[in-house]
Amino acid sequence: MKRKSSNGAHQLGERNTPCVQDVLEVLAQLVPQIARSIANDCEVALHDNRTSPPRILAIGNGHVTRRTIGDLMTRIAIGETEMHDMREPLYNYSSIGPDGRQLRVSLLPIMIGGKTIAYLAINYATGDLLMAQKAIAQLTRTEPHPKEILETFLPSSLPLRHVISRQIEESSRPPHLLDREDRIELVRRLHGQGVFQMRGAVRETAARLGISRTAVYYYLKLATG
């Protein structure tokens, strides 16, 4: 019967307590499978706490820390206090591998009858991810400016007629029913898209609205004044 103690450690109940060796053998079989199921850069190691210091009983993806079965467990210290027979899990703390790579580590005590019999360590190499994170930060970095910069890309990829027609279609009424305010608003939207920086824009707008070029210039003055 397995339960989780109030402090978060994985503990097996005292009732019908199984043989410690049997438990460790089952966990040892699962360790390489768990590592494979997560990622190639994730090492999972089972440390036997029946020895002092604990030694690796099973390991998956040992290339992450270059360790193998029988190697000693790392020394864990919180502040100046070295930890022995830990009863509480340590989740997602930062560590450094033997080759200098950054690791994200979780250490889970396995307990039977109130005693810590083993530790399950999950060591994820984050060095490549941190490098990618730094590169992304550099590529997406922008510089602050005293005043806001507004940039509008001109609709040069579409024919001028299509750009004007699309704006007219978004109006509430057809061109011949647009009143003065509607036309000013339409010209304002066209100006916001940079349409009037394109050659022939005034002529095309006047033709589509059925008004003179002078009227377009007048509306443009009102819209931008």
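The values are calculated or read from the model by the stated rules, or taken from the named source; none is laboratory data. The structure presented is a predicted model; accordingly, all values stated were derived computationally and were not measured. A quick note on method: Cβ atoms are made from the backbone with ideal geometry, for glycine too, and the neighbour counts reach across all protein chains shown. All accessible areas refer to the heavy atoms of the entire protein, side chains included, with ligands and DNA or RNA removed. Shrake-Rupley method; radii C 1.70, N 1.55, O 1.52, S 1.80 Å.
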So, in the range 21-53, of the ones that are open to solvent by less than 20 Å² (accessible area, probe 1.4 Å) and of a type in the set (Asp, Glu), which residue ends up farthest from residue 66 (Cα to Cα)?
-> 48
Can you name the number of the only condition in (1) open to solvent by less than 60 Å² (accessible area, probe 1.4 Å); (2) out of contact with any Leu (no Cβ under 6 Å at 6 or more places or on another chain); (3) at pLDDT below 90 that residue 205 fails?
-> (3)
Within the range 66-87, the residues that are more than 20 Å from residue 52 (Cβ to Cβ) and either part of a strand (DSSP E or B) or open to solvent by 90 Å² or more (accessible area, probe 1.4 Å) (or both) are 66, 80
Is there a residue being in contact with a Phe, Trp or Tyr (Cβ under 9 Å, 6 or more places away or on another chain) and of a type in the set (Ser, Thr, Tyr) anywhere in the range 197-206?
-> yes
For residues that are outside any helix (DSSP H, G or I) and either open to solvent by less than 30 Å² (accessible area, probe 1.4 Å) or at positive phi (or both), tally how many sit in the range 159-202.
-> 4
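Would you point out which residue out of 164, 122, 136 is aliphatic (A, V, I, L, M) and under 18 Å from residue 46 (Cβ atoms)?
From the options 164, 122, 136, the qualifying one is 122.
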Flag if residue 116 is free of Cβ contacts under 8 Å to residues at least 40 places away in the same chain, among the β-branched types (Val, Ile, Thr) and either assigned to a strand (DSSP E or B) or open to solvent by 40 Å² or more (accessible area, probe 1.4 Å) (or both) = no
Are any of the residues in the range 94-112 open to solvent by 80 Å² or more (accessible area, probe 1.4 Å), part of a loop (DSSP other than H, G, I, E, B), touching a strand residue (DSSP E or B) at 6+ places or on another chain (Cβ under 7 Å) and of a type in the set (D, E, K, R)?
-> no
Limited to the range 45-84, what total is found for residues that are farther than 15 Å from residue 25 by Cα and within 31 Å of the chain's Cα centre (by Cα)?
-> 12
